[in-house]
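Here the structure is laid out as structure tokens; the discussion comes afterwards.
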2 protein chains.
Amino acid sequence: MSNPSKMKVYQEVLNKIRHFIQERELEDGDRIPSERELSEQLNASRASVREALRAIELLGLIETRHGEGTFLRTYKPFHSVELLSTFVLTEAQTKNELNEVQFMLEKLCLQELKRLNVRGIEELKSLDDASEQIHNELFILLFNQLGNQLLLKIWHLVASFQQLTEQEQLDTSDLQSIIDQIKRQEYDQAIDTHSRLYT
Amino acid sequence: MSNPSKMKVYQEVLNKIRHFIQERELEDGDRIPSERELSEQLNASRASVREALRAIELLGLIETRHGEGTFLRTYKPFHSVELLSTFVLTEAQTKNELNEVQFMLEKLCLQELKRLNVRGIEELKSLDDASEQIHNELFILLFNQLGNQLLLKIWHLVASFQQLTEQEQLDTSDLQSIIDQIKRQEYDQAIDTHSRLYT
DNA sequence: TTGCGTTAGTGGTCTGACCATTTATGAAAA
DNA sequence: TTTTCATAAATGGTCAGACCACTAACGCAA
């Protein structure tokens, strides 16, 4: 009754934990107080603290180790992918949209590589043998060249969704062609070859 | 001891709720069973059920009304944005990355509009008066033209993050130019003008 | 010094209780 | 009959306390 904020306890706990992290400038791997400590310091029951922590955990922001404690970790959206997919993929057209977006992001990547005139990507050499995961490995490598982790995260998110829809495997020979073309810095050709993957 | 899956209870509850929703093809606004019902049917304590529900709620997938029940709602990523920002924006370079990604996505949008040879966008006429939100309105409109909701969601997510960083306002005159150029289907010029926004 | 059992701390889970809010119920009043 | 309103039932919100499972540190013994 005396709560004017009307906000749920677990949400207030959430915010307090956020502030706690911000003020102390905690980083990846740092430990946050135990559930019992938080419960006491934040004046909330352990159950409410846990509700907040579980929510944060599902978002992939913290990691919980039984018997050890709760630790920060850099945001990895991949953990909530499967869950979100249930709700996002219900619309019939979404699978097709996923395909489109993944294609566009990869094309964007190749265009940027060309624009930045990237040359001599050392790591490409280790990709010669075509494996199942070659598509993923290739673009993780390429997006890393752009130096934008966020774009990589977004692409990875979309690509992960794709895998859940049991998409058919792409042609590895075309992938090999793309690798070779990038080695020779023939980005326009690589973009063309890449387009063929998605038709 | 007898749990070979080693998965936490709240995560199993999570999955069971997902399956429940999938099987019954529940849609936006539909009600899911009460916490006590779920607790009984899923053979878990109400506390564990709540941990799962709170996590789903934070993701923006369900809505909870005191005294009424819990209801599905279409996924809106905007709710968890503020929370995520605390954790994502800690890295110094991230703001810059956000800027880059937003720019690239918008450029991608314009390129696709050109490629699809989109003409005669009716809704542009109502954007003549430059408002504060014109940037958002414009690209929501343009992404909608592409007919890919997922891409729109991704852009909107990134743009929302941006707003939290108190980014300075963009030049509205340039935005007006872009609108005019799109009206005349001068996409190349629009792309050039757009580049100027982010320099 | 090394090895290992003990123990304290921590997350994981459950039970049961009580409060706050909404909606349905049904009796009383018009 | 219709309307009004107190009551009850269902539901989410929150808490306290208990117990289990796991980890790491401690300290004693070999």
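Tabulated values for the structure
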item	result
P(r), alpha carbons of segment B:9-75 - 5 Å bins starting at zero, rounded %	4, 18, 32, 30, 14, 2
A:Lys153, B:Lys95, ranked by accessible area, largest first (probe 1.4 Å)	B:Lys95, A:Lys153
Probe 1.4 Å, all protein chains present, accessible-area order of B:Asp171, A:Asp174, largest first	B:Asp171, A:Asp174
Per the axis that maps chain B onto chain A, nearest residue of B (Cβ criterion) and its distance in Å	B:Ala55, 2
Calculated from backbone phi, Karplus (6.51, -1.76, 1.60) coupling profile of segment A:13-18 in Hz, x at Gly/Pro	4, 3, 5, 5, 5, 4
Per residue value of the accessible surface for segment B:9-75 (all protein chains in place, 1.4 Å probe), Å²	52
Simple spin-label estimate for A:Gln145 and A:Glu23 in nanometres, 7 Å along Cα-Cβ	4.7
In Hz, Karplus ³J(HN,Hα) per residue of segment A:138-146 (6.51, -1.76, 1.60; θ = phi - 60°; x = Gly, Pro)	4, 7, 4, 5, 5, 4, 4, 4, 6
7 Å along Cα→Cβ, label-point gaps from A:Gln189 to other copies, nm, shortest first	3.7
Cross-link pairs A:Lys6/B:Lys16; A:Lys153/B:Lys114; B:Lys107/B:Lys153; A:Lys153/B:Lys153 - those with Cα-Cα distance over 22 Å	A:Lys6/B:Lys16; A:Lys153/B:Lys114
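The values are calculated or read from the model by the stated rules, or taken from the named source; none is laboratory data. Since this is a predicted model, take the numbers as computed values, not measurements. Glycine gets a Cβ as well: all are built from the backbone with ideal geometry, and neighbour counts include every protein chain shown. Surface areas here come from the heavy atoms of the whole protein model, side chains and all, with no ligands, DNA or RNA. Shrake-Rupley method; radii C 1.70, N 1.55, O 1.52, S 1.80 Å.
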